[in-house]
Amino acid sequence: MRSEDTGFSAEVARKLVGISYRQLDYWDKTSLLRPSVSQARGKGSRRVYSFEDLVELRVIARLMAVGISLPAVRKAVRYLRSHFADVVRPLARLALVSDGKRVLVNSTNRKHLIDATAEGQIVISFSVAPIARDLRAKVIDLRAPRELRARVGSRTYTAVLTPDLELGGYTIAVPELPGVFTEADTISSARRMVSEAIALWREARAETPKRAAR
């Protein structure tokens, strides 16, 4: 499975992009960038972002980091989406140029730049491609399983924690104990859940001979 073939919860998206939850929530509610996999639709629902959503979020964050105001970013985003309709997710695919006041983009024939905000002078430029590469590497690292050791009785067991980037938390397995699976929201709670699951497994195995003897 490629790193981008998945959904990302709002918390994971926020951490990968490097923005606050307040920004993520505000950008969604004001339609600057809404999650394309699943949108929050009331109590109990949750936002799920695609990999290209993450790239666009990082582009927006980068533009603001070099001094572009939020209203100027909104104007640029509207322009890109309306004038580059033939480009799927233009904010995640086009090369952008900024001087801290305006955002320019290469025209489709790449012969000239188009001002998407109508202010300023060209000084700073950056490509979206390195942003996507950096995010892809971070996703791969964040998804990597990690090991946790738990001592139960006189033995130490190794559990494998696999992060769930869409739902949050971890799915947990103990490879040497078939059928021992559990889930946890945090590493600290995973330690407790693993110890409890192993203890239950050991109790069940200890009771099996007794039942057979009867």
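The values are calculated or read from the model by the stated rules, or taken from the named source; none is laboratory data. Model, not experiment: these values are computed from the prediction. Because the Cβ atoms are built from the backbone with ideal geometry, glycine has one as well, and the counts that use them run over all protein chains shown.
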- Message: Looking at the structure I just gave you, is ARG62 among the basic types (Lys, Arg), within 22 Å of ARG133 (Cβ to Cβ) and surrounded by fewer than 21 Cβ atoms within 10 Å (Cβ to Cβ)?
- Response: yes
- Which of (1) crowded, with 16+ Cβ neighbours inside 10 Å; (2) in contact with a strand residue (DSSP E or B) (Cβ under 7 Å, 6 or more places away or on another chain) is the odd one out, the single condition GLU147 does not satisfy? (1)
- Message: Looking at segment 190-200, can you tell me whether even one residue there is farther than 23 Å from ALA61 by Cβ, loosely packed, with under 13 Cβ neighbours inside 10 Å and of a type in the set (Asp, Glu)?
- Response: no
- Message: Which count do you get for residues in segment 166-199 that are part of a helix (DSSP H, G or I) and either under 14 Å from LEU148 (Cβ atoms) or at pLDDT below 90 (or both)?
- Response: 12
- Residue list for segment 15-66, filter: assigned to a helix (DSSP H, G or I) and of a type in the set (Val, Ile, Thr): VAL17, VAL55, VAL59, ILE60
- Based on what the data block shows, is GLU52 out of contact with any strand residue (DSSP E or B) (no Cβ under 6 Å at 6 or more places or on another chain), under 25 Å from PRO130 (Cβ atoms) and without any contact (Cβ under 8 Å) to a residue 40 or more places away in the chain? no
